[in-house]
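The values are calculated or read from the model by the stated rules, or taken from the named source; none is laboratory data. Predicted, not measured: the structure shown is a model, and the values here were computed from it. Because the Cβ atoms are built from the backbone with ideal geometry, glycine has one as well, and the counts that use them run over all protein chains shown. SASA here: full protein model, heavy atoms, side chains in, ligands and nucleic acids out. Shrake-Rupley method; radii C 1.70, N 1.55, O 1.52, S 1.80 Å.
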Amino acid sequence: MILAIANQKGGVGKTTTSINLAASLAAMRREVLLVDLDPQGNATTGSGIEKGDSPYSTYDVLIEGLSVDEAKINVESAGYHLLPANADLSGADVELLDVPEWEYRLRRALAPVNEQYDYIIIDCPPSLSLLTLTGLVASDGVIIPMQCEYYALEGLTALIGTISRITGKLNPDLEIKGIVRTMFDPRNRLAKEVSNDLIDHFGDTVFHSVIPRNVRLAEAPSYGVPIMYYDKQSRGARGYLALAGELAKRLEQKD
Ligand code: ATP
Ligand code: MG
């Protein structure tokens, strides 16, 4: 199952969700590959991999045609494999245009390793760039992290429309597998209202598990480990473990 974690809006918790979902699923004994598709490389550094730790990156896979098996790293401290990103990837958005059938590049690169993993999680950049498009075309489903703020619902409706338009021909089977509320503060009345509206509109697509605003989640990346290896008892760690459990139940029942 290949899942893109996507939202064109910046700073909504895509990378935090990618890393911690990957680690939580791995802790549940699933085989997981995390793909860093963002030139910012936050999923890479947040996994404890520094620039220079790895000779290859997602760039080499997308542009140079290197295999995922050659480019991936086994991140033992987090329990998953990682296809790391670095700044090279910022060039890829333009260079991809010269690659024949670039839209399918990631999909074809992941196909030979898909059987090795229960979950391949793709951390997308905050834009609807060519990179994001390759991520969406490669995926079976999308998970959308969102903050319950004013205008969030409008943004979400637009995002879902855009996703279906841009992937309509290239990947018609792509499904929205879930919307996850991130950085949630139940004491904030607006957040609660937006959350209720969200459930009214999208029903069961919204995960029951909610990720609370929790400073431990913001601290963990500077230690290069997922939250569960930084502060297992934190509300953030429990939130992501619950989300991973809910996701696995949702997806593995249907299969
Ligand atoms: P970008 O669009 O730049 O890729 P993003 O959507 O990947 O951003 P993150 O990097 O995951 O978002 O999160 C943005 C910031 O908020 C980071 O500093 C992160 O540590 C922090 N953060 C994420 N989730 C939470 C949370 N639940 N509680 C507190 N801080 C959080
Ligand atoms: Mg990010």
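Quick rundown of the values:
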| read-out | value |
| --- | --- |
| Verdict on residue 225 being surrounded by fewer than 20 Cβ atoms within 10 Å (Cβ to Cβ), touching a residue at least 24 places away in the same chain (Cβ under 8 Å), β-branched (Val, Ile, Thr) and not in a helix (DSSP H, G or I) | yes |
| Some residue of the range 152-175 being under 19 Å from residue 21 (Cβ atoms) and open to solvent by 20 Å² or more (accessible area, probe 1.4 Å) | yes |
| Residue 173 more than 17 Å from residue 78 (Cα to Cα), acidic (Asp, Glu), modelled with pLDDT under 95 and in a helix (DSSP H, G or I) | no |
| Residue pairs meeting the criteria (Cβ under 9 Å; at least 6 apart or on separate chains; first closer than 18 Å to residue 142 by Cβ and at pLDDT 95 or above, in the range 102-124; second among the basic types (Lys, Arg) and within 16 Å of ligand 1 (Cβ to nearest atom)) | 123/14; 124/14 |
| One residue from 90, 67 being touching a Pro at 6+ places or on another chain (Cβ under 6 Å), touching a residue at least 12 places away in the same chain (Cβ under 8 Å) and farther than 21 Å from residue 241 by Cα | 90 |
| Test for residue 48: is it more than 11 Å from ligand 1 (Cβ to nearest atom) and without any contact (Cβ under 8 Å) to a residue 12 or more places away in the chain | no |
| Test for residue 180: is it closer than 27 Å to residue 46 by Cβ, open to solvent by less than 60 Å² (accessible area, probe 1.4 Å) and part of a loop (DSSP other than H, G, I, E, B) | no |
| Residue that is over 29 Å from residue 155 (Cα atoms), within 16 Å of ligand 2 (Cβ to nearest atom) and of a type in the set (Ser, Thr, Tyr), where the choices are 77, 47, 67 | 47 |
| Residues (under 19 Å from residue 220 (Cβ atoms) and more than 16 Å from ligand 1 (Cβ to nearest atom)) located in the range 74-97 | 75, 76, 77, 79, 80 |
| Residues within the range 15-37 that are within 9 Å of ligand 2 (Cβ to nearest atom) and open to solvent by 10 Å² or more (accessible area, probe 1.4 Å), tallied | 2 |
| Elements of type helices (runs of 4 or more DSSP H) in the range 15-124, at least 1 residues being of a type in the set (Ser, Thr, Tyr) | 42-45, 89-95 |
| Qualifying residue in the range 59-77 (condition: of a type in the set (Lys, Arg) and either over 30 Å from residue 207 (Cα atoms) or crowded, with 18+ Cβ neighbours inside 10 Å (or both)) | yes |
| Per-region count, the range 2-14, residues near ligand 1 (Cβ under 6 Å from one of its atoms) and not in a helix (DSSP H, G or I) | 4 |
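Let's see how each residue does on (1) under 15 Å from the mean Cα position of the chain (by Cα); (2) more than 20 Å from residue 219 (Cβ to Cβ):
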| position | (1), (2) |
| --- | --- |
| 16 | yes, no |
| 24 | yes, no |
| 49 | no, no |
| 58 | yes, yes |
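So that you can scan it fast, the table gives a plain yes or no per residue for (1) assigned to a helix (DSSP H, G or I); (2) without any contact (Cβ under 8 Å) to a residue 60 or more places away in the chain; (3) within 16 Å of ligand 1 (Cβ to nearest atom):
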{"residue": "127", "(1), (2), (3)": "no, no, yes"}
{"residue": "137", "(1), (2), (3)": "yes, yes, no"}
{"residue": "142", "(1), (2), (3)": "no, no, yes"}
{"residue": "145", "(1), (2), (3)": "no, no, yes"}
{"residue": "149", "(1), (2), (3)": "no, yes, yes"}
{"residue": "153", "(1), (2), (3)": "yes, yes, no"}
{"residue": "159", "(1), (2), (3)": "yes, no, yes"}
{"residue": "166", "(1), (2), (3)": "yes, yes, no"}
